[in-house]
Amino acid sequence: MFGNGFPEIHKDTTPIQTLHSNQQECHWYEETIDDDLKWSFALNSVLHKGTSEYQDIALLDTKRFGKVLVIDGKMQSAERDEFIYHECLIHPALLCHLNPKTVFIMGGGEGSAAREILKHKTIEKVVMCDTDQEVVDFCRRFLTVNSDAFCNKKLELVIKDAKVELEKREEKFDIIVGDLADPVEGGPCYQLYTKSFYQNILKPKLTPNGIFVTQAGPAGIFTHKEVFTSIYNTLKQVFKHVKAYTAHVPSFADTWGWVMASDQEFEVEVNEMDQRIEERVKGELMYLNAPSFLSAATLNKTISLALEKETEVYSEENARFIHGHGVAYRHT
């Protein structure tokens, strides 16, 4: 989800499409998915832009997906469908745990992961650890949907590298969430997907029944081998029980993947999961229920075989990276 380009408005001399003469000037956001593949959608405007010590930040007002958060030229989430990504990231792990009280979020600066966690009545403490103060401040100011989460007394916000923060903390957590940027070459996050990190730093910070869940990048028919299968196989080397699941996120133009891991079994029957949603979760979930999670964890033949056959273990020396970057431009 992260890349190297920053969205700028510039004159495009090679239009993507022909506009009729009576149409008004149109702005577009364009993201390179691969060398021969781009994804673009129309903008109303670029609402805000900023630069932090670590990365560039922009908030776009799009015609199709509403407000879109862009960091380092890669779209992070869209107002219209971010609930799919964040419900899938957060609720399965919390619902599979018998009584989750404490959660540590690696990343999550926009506040949406914390928002979903705080819907659970059992939660007593959420630590959100993001490395970039400017991103957090930007999201607190402009993504008003998460205002209540940022103001919640159960939320402890820490601005620090998640690896450093986890390593120094003596407490353990029922759930640890990886709401991190995709691993990109030269980026700050890829070390938090490695076997050594999972084994030596993260796992010791889980309670005996603790569950780790991470976003695991694109998981479509053509993209699952970028990082998804490698992250899954890496976690298999560290934890006894690992489950991968996927869902289509329209604004990402792809199927997305997540992986849960624990040393304790976390299978929950459909009826039990729906009952836990009813008893534990405040308000209505927009996407996830027990049947949809069962469906998400039932992978097609291509993906299932790829996960089964994957041999690569993610390490600092042997890392896979996500391709692509984004740019916003004016089309006349």
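The values are calculated or read from the model by the stated rules, or taken from the named source; none is laboratory data. Being a predicted model, the structure only gives us computed values, none of them experimental. Cβ atoms come from the backbone with ideal geometry, glycine included; neighbour counts cover every protein chain shown. Remember, those area values only see protein heavy atoms, side chains included, never the ligands or the DNA or RNA. Shrake-Rupley method; radii C 1.70, N 1.55, O 1.52, S 1.80 Å.
Some observations on this one:
- With a threshold of 23 Å on the Cα-Cα distance, the over-threshold entries among 160/225; 168/203; 205/236 are 160/225.
- Computed from the C-beta positions of residue 101 and residue 141, the FRET efficiency with R₀ = 45 Å rounds to 0.90.
- Computed over neighbours whose Cβ is under 12 Å from that of residue 160, the net charge equals -3, Lys and Arg +1, Asp and Glu -1.
- Counting charges near residue 262 (Lys, Arg +1; Asp, Glu -1) among other residues having Cβ under 11 Å from its Cβ returns a value of -1.
- Segment 125-193 and segment 277-302: distance between their alpha carbon centers, rounded to Å: 24 Å
- Amide H contacts of residue 77: 69, each under 5 Å away and 5 or more positions distant or on a separate chain (H built 1.01 Å from N in the peptide plane; Pro and chain starts excluded).
- Using alpha-carbon coordinates, inclination of helix 82-96 to the longest axis of the chain, degrees: 0 degrees
- Couplings for segment 120-129, taken from phi via the Karplus curve 6.51 cos²θ - 1.76 cosθ + 1.60 with θ = phi - 60°, read 8, 5, 7, 5, 10, 8, 10, 9, 10, 10 Hz in order; Gly and Pro are left as x.
- Cα-based helix-to-principal-axis angle, 133-142 vs the chain, degrees rounded to 10: 70 degrees
- Residues 161, 36 ordered from highest to lowest accessible area at a 1.4 Å probe: 36, 161.
- With the whole protein complex present, residue 182 retains an accessible surface near 0 Å², based on a 1.4 Å probe.
- Calculated FRET efficiency, residue 267 to residue 159, Cβ-Cβ distance, R0 = 45 Å: about 0.75 to the nearest 0.05.
- Cα gyration tensor shape for segment 82-309, rounded if a/c is under 1.5, else prolate or oblate: rounded
- Relative contact order %, segment 82-309, counting alpha carbon pairs below 8 Å whose residues are six or more apart: 22 percent
- Using the Cβ of residue 278 as centre and a radius below 15 Å, the other residues enclosed give a net charge of 0, where K and R count +1 and D and E count -1.
- Each stretch of four or more DSSP H residues adds -39500 (n - 2.57); spread over every residue of the chain, this sum gives -6500 deg cm²/dmol at 222 nm.
- For the chain, the longest principal axis of the Cα atoms and the long axis of helix 270-280 meet at an angle of about 80 degrees.
- Solvent-accessible surface of the chain, averaged per residue with a 1.4 angstrom probe and all protein chains in place: 45 square angstrom.
- Full-extension gain in nm, residue 191 to residue 209, via 0.36 nm per residue minus C-alpha separation: 4.0 nm
- Taking amide H as placed 1.01 Å from N in the peptide plane, residue 206 has its amide H under 5 Å from the amide H of 173, each at least 5 places away in sequence or on another chain.
- Converting phi to 3J(HN,Hα) with the Karplus coefficients 6.51, -1.76 and 1.60 and the offset θ = phi - 60°, segment 221-226 yields 4, 9, 10, 5, 8, 4 Hz in sequence order, with x at every glycine or proline.
- Relative packing of 285-298, 198-211, which averages over residues the other C-beta atoms within 10 Å, highest first: 198-211, 285-298
- Vicinal HN-Hα couplings computed from phi for segment 33-41 (Karplus, 6.51 cos²θ - 1.76 cosθ + 1.60; Hz; Gly/Pro x): 7, 8, 4, 10, 8, 10, 10, 9, 8
- Between amide H atoms placed 1.01 Å from N, distances below 5 Å from residue 216 occur with 257, 258, 259, all of them 5 or more places distant or on a separate chain.
- Protection-proxy order for peptides 72-78, 127-133, each taking the mean of Cβ atoms within 10 Å per residue, highest first: 72-78, 127-133
- Cα-based shape type of segment 12-164, given that a ≥ b ≥ c are square roots of the gyration tensor eigenvalues and the cut on a/c is 1.5: prolate
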